[in-house]
Every structure is written in structure tokens, then in C-alpha cells.
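Everything below concerns the one structure shown next.
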Amino acid sequence: MRRGLIIILLLVSLAACSPGAPREGEPLPLTRTFDKSPSGFEFKYPTDWDYTIPMQGVLLAGPVDVLTGSPGPLFAVRRSLPVSIPGSLSAALNSYLETGPLSKPDNWRITVEERDITLDGRPGRIVDLEGAEGPDDTRIHSQVIATTSDNTFVYIFTLTVPVSQRDRFEPTLLAMLESVRILE
């Protein structure tokens, strides 16, 4: 009986330490590198995660089940127009929000107002949002960051995670953001 209890406790502790189950407040180890865009950008991501490029200029990275439609943490990168077209990083960020999540103002709300951020040594703008696509959908927390490359193209980084998983996966998403290197 005692031996069975010890084995169960050992299995539970191993499961809690597995790569797919980060401890709250700690990021998963970033062991893989996306470097398939030699003139664009690179970043690090966890072993059990993958990425997809659903259309030109957009990359999504996350656990495989999330990439196939399940709710969960997602790291998105979008290369946009030169900053001269919207006029500023703030205008580029607001344009993205107005055509994306804030196009449904009853479903999404800004939780932390737009503010400055530095990403890869570059000035940027960041805003936090919460919401859902519909009343019965999973509530999501998002951070949306806009910055520019040396040749002035705007990069939009979106970190999204279900509110119920935020404590577990937000540290991983933030570590991934910190690992970003814009190469152009």
C-alpha cells in the first residue's frame, strides 16, 4: 500500500514537471528556434510547440492542438506595411485593433491602455485586451505589440491565452517575445 502511494506521488510530481505543464509563474524552456525567415525575424519556442504560416506575412506558434483549433496559448507575428503608411506605431497598432478584435466592441475591451515598450532594442507600443469572439466562447487575454524593422516595416506581435490558463502560459509567451530578433 505504502509503495503504491509513493509511486502515485512520484508520477504526479513528474506530470507536474513535464514540458506541457509549466508551473505557474515559470516559462517553459525555449529549446527550439524559428529561423526560417533569414531576412525577417527569429524567436525561440518550447519543444512541444510548433508553428504554421497560414498566409504570407503571418506566423502562428503554439501547442499543436492549439494550432488545430483548441483554445490555448498562441504567439502570432504579422509583418505589415511600412510605418509611413499609418503614420506612427500607435496608428498602426490602432488600425490592427480596429480591424481585428475591437471591430467587435461588445466582445472585447482594453484592460491596460496603450503604452511604450522596447522589443529587441526597438521602440514599440503595447496594449492589453480581454474578450471572446462570441458569448459562449473561451475568454481570452491578449497583448498586442507593434514595432518596426530597420527598413520601417511594422511587425505586430500578438500573445493570446485563455484567461483560465494565463498564470501557466503567459510567462512562456513573454519569454518568447523577449527572444525575438528582427533581422531586417
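Derivation of every value follows stated rules applied to the coordinates shown; laboratory data play no part. None of these values were measured; they are calculated from a predicted model. Cβ: placed from backbone, ideal geometry, glycine included. Neighbour counts: every protein chain shown.
Kirkwood's formula applied to the C-alpha pairs of the range 61-157 gives a hydrodynamic radius of 14.2 angstrom.
Taking the Cβ-Cβ separation of D137 and E113 as r and a Förster radius of 35 Å, what is the calculated FRET efficiency to the nearest 0.05? All intermediate terms of the calculation are to be shown ahead of the outcome.
Details: r = 24 Å, r/R0 = 0.70.
Computed FRET efficiency for D137 and E113: 0.90.
Backbone amide hydrogens, once placed in the peptide plane, bring L81 within less than 5 Å of V154, excluding anything fewer than 5 places away on its chain.
Annotation: amide H of T111 within the under-5 Å range of D128, L129, E130, sequence separation 5 or more or interchain, hydrogens built in the peptide plane. Say we join alpha carbon atoms closer than 10 Å with springs in a Gaussian network model of the chain; which of I156, I145, I85 then has the biggest fluctuation? Maximum fluctuation in the GNM of the chain, among the listed residues, is at I85.
For the chain, divide the Cα radius of gyration by the Kirkwood radius and give the resulting Rg/Rh value with two decimals. Write out the running numbers ahead of the final one.
Numbers: Rg = 18.1 Å, Rh = 17.5 Å.
Rounded to two decimals, Rg over Rh is 1.03.
The phi-based Karplus calculation (6.51 cos²θ - 1.76 cosθ + 1.60; θ = phi - 60°) puts the 3J(HN,Hα) values of the range 88-97 at 6, 4, 4, 5, 5, 4, 5, 4, 4, 5 Hz, whole numbers, x for Gly and Pro.
Evaluating 6.51 cos²θ - 1.76 cosθ + 1.60 at θ = phi - 60° for every residue in the range 60-66, the Karplus couplings come out as 10, 10, x, x, 4, 5, 6 Hz, glycine and proline recorded as x.
Comparing mean-square fluctuations of R139, R115, R79 from a GNM of the chain with C-alpha springs under 10 Å, the top value falls on R115. For the residues A61, A132, A92, a GNM of the chain with alpha-carbon springs under 10 Å puts the largest fluctuation on A132. A simple rule links phi to the HN-Hα coupling: the Karplus curve 6.51 cos²θ - 1.76 cosθ + 1.60 with θ = phi - 60°, which for the range 172-181 gives 5, 4, 5, 5, 4, 4, 5, 7, 4, 10 Hz, with x for Gly and Pro.
Legend: calculated FRET efficiency, R32 to S164, from the Cβ-Cβ distance at R0 = 25 Å, rounded to 0.05, equals 0.45.
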